[in-house]
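Heads up, the thing below is written out as structure tokens.
Taken together, the values in this text are just the output of simple stated rules run on the coordinates, not laboratory data. Source: prediction; values computed, not measured. Neighbour counts run over all protein chains shown; Cβ positions are idealised from the backbone, glycine included.
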Amino acid sequence: MAELQVLLAGTDDHDLTKLDEYLAVGGYAGVGKARAMTPEELIDELQRATLRGRGGAGFPMGRKASLIDRSSPKPKYLVVNADESEPGAFKDREVMARVPHRLIEGCLISAHAIEAHEVFIFIRGEYLSEYEILQAAVDEARAAGLFGDVDILVHRGAGAYICGEETALLDALEGRRGQPRPRPPFPPVQGLYDAPTQINNVSTIATVPAIMEMGAEAFAKTGTESSPGSAIFSISGNIARPGNYELELGTPMRELIYDLAGGVPDGRELKAVIPGGSSVPALAPDEIDVPLDYDSLQKIGTFFGAASLIVVDDRCCIVQLALRSAKFYQHESCGKCTPCREGTRWMVQILERIEAGDAELSHIELLESIGSRILGRSLCALGDFAVYPTHSYITKWRNEFVAHIEQGGCPYGGASSLEGIVAPLDQHTHSPMAEVPA
Amino acid sequence: MSAFADEVRAIAERYPDPRSATLPALRLAQERHGWLPPEALREVANALDLTPAYCKAVASFYDMYHLAPVGKHLVEVCTNLSCALVGAQRVVEAFESELGVAPGETTTDGEVTFRTVECLGGCGYATVVAVDHRYRQDVTPADVAGIVEELRG
Ligand SMILES: Cc1cc2nc3c(=O)[nH]c(=O)nc-3n(C[C@H](O)[C@H](O)[C@H](O)COP(=O)(O)O)c2cc1C
Ligand code: SF4
Ligand code: FES
């Protein structure tokens, strides 16, 4: 089990940003095949492929399409989530920069399934070069007459992690502050402009042409039984050969870290792997013998997430890691619900005190108790994302938290790889914050 | 009607609801003014039949809009985990000493605004620095003087 090229197939010897080269490798053949089917037949085919969403939650894409309220008199919309802002993730960017036509082809096929005539691709504002490449490809494919009665509009975000959350994304697309919506109603019933809406990640949609090409049965036989296909894994941090690796799902994590990416450099020891982007529970070195697929990772208490591994070596103080990560979630909390808005601040304040050695042992329990009051009690999963990794750091590296408190400061004595790291949050001046309860 | 309003309305027509043009219109206004002064917010509001207060509420939500003046150039260093683990702080410090300002500040000649940002989606090519929105990857402290010189011209 190893490399299975689906998303990046053909990129080694072709410039697939160009329409003629994409056509030369059989590109856009899937659109004709899909349009020869009825929407029902197509949804059926997609369901049999069991393509699970690559944006985080792993919900089957075909099943999502089947939930679209096609009886609604309103237009149906397809929205592609290209907000990619999860720390550690840079895979969708590679899809858009190298195979934009595969994403566009996936859009045209998926639009046919749900009878949508308008597709919106929401790309994070910072991805300027990727936007230009994608927009040029959209224009080229439209000019070539490939769109039929569908149009694709690329909409740029403006810098906010929360806009990756699908209902916040919809609000941003509607010209509002990007804040999550309460559910129900769910987007397949009432999404963009209150109309039935299918939302999928870039890599999910860009995999759809492969299902047309291979057929659902053949596709479902790749990867593992519950997680067919491939995924692009981003690997970064303290690793010899960082980058993107497209692998068959179920590939052992150890193979990616050591055989493909070259392991931890500079003769250092592996300390932790955060396997799905910074929002999931971290793994200790003795937990990395796990296949890279949704169910296997969940079985050991973490998540597939954004298929993005952050590798951490033994120079890193885990309290500093927890603190830097917590500052990100405080900064990105949209402020709409109390547990997340207040809780993420409290977590940062307590972690700052522990790092400074100005804390008592009871602060560790306080941190855990605040986390447990955010978990499952926030309007969207960002609150949970702030807690999952923090809880894993406390549970698996508790001795380091204790050492800070007992020694009255960081046991790394200024030598940690994250020493002094400045966060965007530190540049902001806040109105006086609620103090942590004593 | 102004050319700006015409341009914004042309964007708005592409969406089922013209309000969807708010983000693109704010970006356009910022490109013209360098930041979003009250006057720019009024122009966006007028073009889309919204209120300036609404436009400000939206703009203040997103990190890429500037509600205070910024320098001619923008230097943004990612200090999220993957970049931080391989030395982003040393890149930050190199910019600090080269520019003579702290993160979040603008040089006194008004040329460069320098700030740290959250993950830019280039984690495998750390440290990532966005210079006027174009990514420089694998940046080390040794590259910083050259980048600053380029900007100062
Ligand atoms: C805070 C937060 C950030 C998210 N960011 C992204 C993102 O950048 N890209 C993405 O595809 N999904 C992101 N998601 C997941 C989306 O809400 C949604 O589940 C996904 O786009 C569905 O697509 P999929 O089924 O194809 O995975 C995020 C979720 C949350 C709660
Ligand atoms: S959990 Fe956080 S990000 Fe999500 S709605 Fe609540 S405050 Fe906003
Ligand atoms: S952590 Fe720096 S680009 Fe992602």
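Summary of computed values
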| quantity | calculated |
| --- | --- |
| Long-range HN-HN contacts of B:His73 with modeled amide H, under 5 Å | B:Val112, B:Thr113 |
| Amide N proximity, the range A:375-407 versus A:Glu419 label position 7 Å along Cα-to-Cβ, cut-off under 20 Å | A:400-407 |
| Relative contact order (percent, whole number), the range A:96-253, Cα cutoff 8 Å, 6+ residue spacing | 18 |
| Nearest-ten-degree value, helix A:362-374 long axis tilted from longest Cα axis of chain A | 20 |
| Flagged links, alpha-carbon separation over 23 Å, of A:Lys18/A:Lys91; A:Lys327/A:Lys396; A:Lys64/A:Lys221; A:Lys91/A:Lys336 | A:Lys91/A:Lys336 |
| For the range A:1-151: rounded, prolate or oblate by the Cα gyration tensor [a/c cutoff 1.5] | rounded |
| Residues B:Asp6 and A:Lys74, FRET efficiency given R0 of 25 Å [Cβ-Cβ distance, rounded to 0.05] | 0.25 |
| Nearest-0.05 FRET efficiency for A:Arg35 and B:Ala145, computed from C-beta distance (R0 51 Å) | 0.35 |
| Average Cα contact separation per residue, chain A, under 8 Å, 6 or more apart, as relative contact order % | 16 |
| Per-residue mean of C-beta atoms belonging to partner chains within 10 Å, peptide A:413-419 | 2 |
| Fully extended contour minus Cα-Cα distance, from A:Asp12 to A:Asp139, at 0.36 nm per residue | 43.3 nm |
| Relative contact order of chain B, pairs being alpha-carbon contacts under 8 Å that are 6 or more residues apart, as % | 19 |
| Computed label-point distance, nm, for sites A:Ala381 and A:Leu67 using a 7 Å Cα→Cβ extension | 1.2 |
| Low-density loop cleavage sites - trypsin sites (Lys or Arg not before Pro) in the range A:334-393, where at most 16 other Cβ are within 10 Å (DSSP) | A:Arg377 |
| Rounded Å value of the spacing that divides the Cα centres of the range A:335-362 and the range A:222-263 | 34 |
| Three-way shape label, the range B:73-152, alpha-carbon gyration tensor, a/c 1.5 | prolate |
| DSSP-defined beta bridges in the protein assembly as shown - what % are antiparallel, rounded to 5 | 45 |
| Neighbour cut-off at most 15 other Cβ (10 Å), DSSP loop, GluC sites (Glu not before Pro), the range A:308-397 | A:Glu360 |
| J(HN,Hα) series, the range A:84-100, from Karplus relation 6.51 cos²θ - 1.76 cosθ + 1.60, nearest Hz, glycine and proline x | 3, 10, 5, x, x, 9, 8, 8, 5, 4, 5, 4, 5, 7, 10, 9, x |
| Principal-axis tilt of helix A:202-214 within chain A, Cα atoms, nearest 10 degrees | 40 |
| FRET efficiency, 1/(1 + (r/R0)^6) with R0 41 Å, evaluated for B:Asp109 and B:Ala57 via beta carbons | 0.80 |
| Normalised convex hull volume, the range B:3-61, alpha-carbon set, Å³ per residue | 68 |
| Whether chain A is rounded, prolate or oblate, judged on the alpha carbon gyration tensor where a/c under 1.5 counts as rounded | prolate |
